[in-house]
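This report refers to the structure that appears directly beneath it.
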Amino acid sequence: MRSLATVLFLGGLVFLLAVLTETLSFGNPPMLVGDAIQRTAVNDVGAANLVTAVVLGYRGLDTLGELSILFAAATAGGLVLGAARAGSRQRPGGFILCAGADLLFPLLLVVGLYIVMHGHLTPGGGFQGGVVLAAAFFLPLLARPTETLSHTWLSVVEGMAGTAFIAIGMLALFRGEAFLAPLFDKGVFGELVSSGSLPLLYLAVGLKVGSELASLLSRLASDDEMTS
Amino acid sequence: MNTSIGLVFFVGAIGLTAIGIAGMVLSNHLFRMVLALAIAEAGANLLLILAGFRWDAVAPILSNSEVAQSMVDPVPQAMVLTAIVIGVGVQALALSLVIRVRQRYGTLDMQEARQRMQDDLDAAAGVTPSRSRQQPAGERLLPVPDATVETGGRHD
């Protein structure tokens, strides 16, 4: 009975999506917003990466909502799994795993911060770089399961980053502009320090995403090993 | 040629979504349901990205060159960036719930976990399990009437 209902639902869904995509002409997007953003983004926001201009400049409130969803997911995950327990029963990894983790840690840190800081110029940004930062802090934990991340520091970093994001948005509000409107001088197009407050916003996003994912991953890992 | 490539892309995206939803509904294994959710999300994201595709266009990153190139639509890409991050959060939450279920009931099979959960609930509430095969629903013991209620009137 359940399979029959599933087949019927799936058939309807596929038919609906097929009809929808049939009306689209592939390769010629009908949306005019994208073209308008391509024309005006340089003067409005000043970021070379137009996706960053959309994420932080035109739809900054949306990004704040996204951050709060991620925060809620991380909080709920911590609530479900409970406090991370110290004193794992797993043995530490071998020499190669430990040395590899030590070797990769600074490289991942540099790559993550690079991706975060160049988010307004090149493909990348706070979310992608934040995930790399989380991987940098999670990798030594895989090599040495007996150690734990300091969740106090992680929550301090996460809270400060979230506060900074909202504070920059409020600053724009106090200057008579819209919430999270791009602030400061646009600078020279293509420079690292340019496009106003966007690099600061992306730095806050990167730190927040990185600390949230790192704490979530370490909780998952420390709880998973209790069952096995 | 062009339309056939578009057909392949669209069929792939819709197919991924359909496979993911079918896996979520038909599978009885909790971890496989989480994986199916990830597949369905990938299909939906691919569909969104395809909506902003443009022929002979470059990634939406401006350069200093004066030659104006056509670019793909940046708005669906920003939306998919949002969707991916939210998907990661949802999957992490689902995985933590799965871990808890495994710790509590020792199984990842949904039927079995649900049955043990129902047993736990029945035991905590102090009632006989209603779906017991030894005691079909018609022959269940009726709740014993509370004696103090009936004898309450003869106290004085």
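The values are calculated or read from the model by the stated rules, or taken from the named source; none is laboratory data. Keep in mind it's a predicted model, so treat the numbers as computed, not measured. Please note: Cβ atoms are built from the backbone with ideal geometry, for glycine as well, and neighbour counts cover all protein chains shown.
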Counted residues, region A:123-159 - those being under 19 Å from A:Leu198 (Cβ atoms) and either over 16 Å from the mean Cα position of the chain (by Cα) or among the aromatic types (Phe, Trp, Tyr) (or both): 1
Given the criteria modelled with pLDDT under 85 and surrounded by 12 or more Cβ atoms within 10 Å (Cβ to Cβ), does B:Leu142 qualify? no
Residues of region B:103-119 that turn out to be among the small types (Gly, Ala, Ser) and at pLDDT below 85, as a count: 1
Looking at this structure, is B:Val88 at pLDDT 85 or above and under 16 Å from the mean Cα position of the chain (by Cα)? yes
Filter region A:20-40 for residues that are more than 9 Å from chain B (Cβ to nearest Cβ) and at positive phi and give the result. none
Consider region B:47-60. How many of its residues are surrounded by fewer than 19 Cβ atoms within 10 Å (Cβ to Cβ) and under 30 Å from B:Leu95 (Cα atoms)? 2
Index of the failed condition, A:Val209 passing every other in (1) on the phi < 0 side of the Ramachandran plot; (2) at pLDDT below 85: (2)
For region A:1-60, which residues satisfy the criterion of being exposed (fewer than 14 other Cβ atoms within 10 Å of the Cβ), in a loop (DSSP other than H, G, I, E, B) and in contact with a helix residue (DSSP H, G or I) (Cβ under 7 Å, 6 or more places away or on another chain)? A:Met31
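If you go through region B:68-106 one residue at a time, how many are of a type in the set (Gly, Ala, Ser) and within 7 Å of chain A (Cβ to nearest Cβ)? Spell out the reasoning first.
Quick first cut of region B:68-106, residues of a type in the set (Gly, Ala, Ser) only: B:68, B:70, B:78, B:83, B:87, B:89, B:92, B:94, B:96, B:106.
In the following step, the residues that additionally are within 7 Å of chain A (Cβ to nearest Cβ) were identified as B:78, B:89, B:92, B:96.
Number of matching residues: 4.
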When you look at A:Leu56, is it under 20 Å from A:Glu212 (Cα atoms) and touching a residue at least 24 places away in the same chain (Cβ under 8 Å), yes or no? yes
Looking at region A:1-19 only, could you name the residues that are closer than 30 Å to A:Tyr58 by Cβ and either facing chain B (nearest Cβ under 9 Å) or basic (Lys, Arg) (or both)? A:Leu17
Restricting region B:58-67 to residues that are outside any strand (DSSP E or B) and more than 9 Å from chain A (Cβ to nearest Cβ), which is modelled with the lowest pLDDT? B:Glu66
Residue check, A:Glu212 of a type in the set (Asp, Glu) and either assigned to a helix (DSSP H, G or I) or in contact (Cβ under 8 Å) with a residue 60 or more places away in the chain (or both): yes
Taking interchain pairs and intrachain pairs at least six residues apart, which have beta carbon atoms under 8 angstrom, with the first residue in region B:89-118 and aromatic (Phe, Trp, Tyr) and the second exposed (fewer than 15 other Cβ atoms within 10 Å of the Cβ)? B:Tyr105/B:Glu112; B:Tyr105/B:Met117
Scan (1) at the interface with chain A (Cβ under 9 Å from one of its Cβ atoms); (2) more than 30 Å from A:Ala47 (Cα to Cα); (3) crowded, with 17+ Cβ neighbours inside 10 Å for the single condition B:Leu26 breaks and write down its number. (3)
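Yes/no matrix, rows are residues, columns are (1) of a type in the set (A, V, I, L, M); (2) crowded, with 21+ Cβ neighbours inside 10 Å; (3) in contact (Cβ under 8 Å) with a residue 60 or more places away in the chain:
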residue	(1), (2), (3)
A:Gly119	no, yes, yes
A:Thr122	no, no, yes
A:Phe127	no, yes, yes
A:Gly130	no, yes, yes
A:Leu141	yes, no, yes
A:Arg144	no, no, no
A:Glu147	no, no, no
A:Ser150	no, no, no
A:Val156	yes, no, no
